[in-house]
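Notes to accompany the following structure.
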Amino acid sequence: MGTRVLVVAGFDPSGGAGLLLDTKMLTLLGHCVASVPTTLTLQNTKTFEDWEPLKTRLFERMLKLTLEDTPVEGVKIGMLGTQEILEITGHYLRKYRSQIRWIVLDPVLKATLHKDLFQGENFLNILKSELLPLVDVITPNIFEAETLSKRPITTTEDLREVAQYLSSFGVKIPLITGYRKGGRIYNYLMIDGKIRGFSVRELPLEFHGTGCALSSLLLGYLLLTNTPVKALRLAMRKLRKILKLRASNPLSSELQLIH
């Protein structure tokens with residue numbers, strides 16, 4: 001039986017991103033997953049209309065009850081939405097941090113279909129001061145990394161500087177994803193101050209939820225291997241198989257990839 005994992009993320013009813021996709025990816029790797037929604041989104045695979053946060057008291061009760069149950073060894077955090085939900089998440093992660101082996105944060109700040117996914121002037125400041133010190137791996141895409149650092153990314157040196165900036169808040173391993181160059185997609189991983197690039201060839205389609213899938217697969221493999229570079233390679237390989245399967249047959253199931 002796999003490791004007990006907690007997902008804290010937004011609910012996408014299409015299943016193409018967020019809580020449902022995170023749960024699917026981690027289950028695919030054999031983990032036992034508990035899930036707590038932070039927000040409800042009004043969307044399908046083509047349209048994003050709006051989102052609403054869960055009531056704060058309801059979210060806190062769900063998170064508290066879940067963490068008081070069977071201990072979790074891994075946590076995947078996605079969309080948080082509001083300062084209140086962010087602060088509650090930080091509070092409970094601090095309380096249970098000693099039993100958690102890996103925390104992976106995918107700082108979901110904007111929908112693929114261009115809608116801001118957080119509220120509050122101080123949201124980003126609280127994210128950096130209260131949550132990043134608790135996180136092992138952060139996986140922003142280029143837009144999210146630029147938003148968090150308030151600086152543009154156009155070169156690999158920019159990537160290095162932004163990764164160092166994220167590390168300054170206590171994150172052990174920044175992973176900046178989705179840098180496109182020469183028909184390839186690069187993910188840059190920084191460990192112990194050294195940055196490494198890992199790339200795959202672009203597929204000729206746009207996919208919804210790739211950031212969620214990659215970060216969840218990364219957590220799943222970290223719990224299995226405890227080795228960041230190996231976990232990233234395996235996660236990228238698995239994601240590419242999933243995307244190629246979707247491209248060839250949009251109605252196919254990722255469960256075909258279990259073996």
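The values are calculated or read from the model by the stated rules, or taken from the named source; none is laboratory data. Computed from a prediction, not measured in an experiment: that's the story for all the values here. Backbone-built Cβ (ideal geometry, glycine too); neighbour counts: all protein chains shown.
What the table below lists for this structure:
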item	result
Count of residues meeting criterion [in contact with a Gly (Cβ under 7 Å, 6 or more places away or on another chain), assigned to a strand (DSSP E or B) and of a type outside the set (Lys, Arg)] in the range 188-202	1
Any hit, the range 53-62, residues being assigned to a loop (DSSP other than H, G, I, E, B) and of a type in the set (Val, Ile, Thr)	no
When residues of the range 1-47 are limited to those that are among the aliphatic types (A, V, I, L, M) and in a loop (DSSP other than H, G, I, E, B), the one surrounded by the fewest Cβ atoms within 10 Å (Cβ to Cβ)	Met1
Subset of the range 135-175 (residues that are farther than 19 Å from Asn125 by Cα and in contact (Cβ under 8 Å) with a residue 24 or more places away in the chain)	Ile153, Thr156, Leu159, Arg160, Ile173, Leu175
Any hit, the range 66-85, residues being closer than 23 Å to Leu134 by Cβ, assigned to a helix (DSSP H, G or I) and basic (Lys, Arg)	no
Subset of the range 226-249 [surrounded by 14 or more Cβ atoms within 10 Å (Cβ to Cβ) and at pLDDT 85 or above]	Pro228, Ala231, Leu232, Arg233, Leu234, Ala235, Met236, Lys238, Leu239, Arg240, Ile242
Matching residues, the range 200-225, being at pLDDT 90 or above and either in contact with a strand residue (DSSP E or B) (Cβ under 9 Å, 6 or more places away or on another chain) or of a type in the set (S, T, N, Q) (or both)	Cys212, Leu214, Ser215, Ser216, Leu218, Leu219, Gly220, Leu222, Leu223, Thr225
Positions within the range 57-115 being touching a residue at least 40 places away in the same chain (Cβ under 8 Å) and among the hydroxyl-bearing types (Ser, Thr, Tyr), in sequence order	Thr66, Thr70, Thr82, Thr89, Thr112
Any pair with Cβ under 8 angstrom, 6 or more apart, that starts in the range 2-13 at a residue that is over 15 Å from Tyr221 (Cα atoms) and ends at one that is part of a strand (DSSP E or B) and of a type in the set (Phe, Trp, Tyr)	Gly10/Trp51
Any hit, the range 55-74, residues being closer than 26 Å to Leu222 by Cβ, surrounded by 13 or more Cβ atoms within 10 Å (Cβ to Cβ), in contact with a strand residue (DSSP E or B) (Cβ under 6 Å, 6 or more places away or on another chain) and β-branched (Val, Ile, Thr)	yes
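For every residue, the table says whether it meets (1) more than 17 Å from the chain's Cα centre (by Cα); (2) modelled with pLDDT under 90.
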residue	(1), (2)
Trp102	no, no
Leu109	no, yes
Gly120	yes, yes
Leu127	no, no
Leu131	no, no
Ile138	no, no
Ile142	no, no
Thr154	yes, no
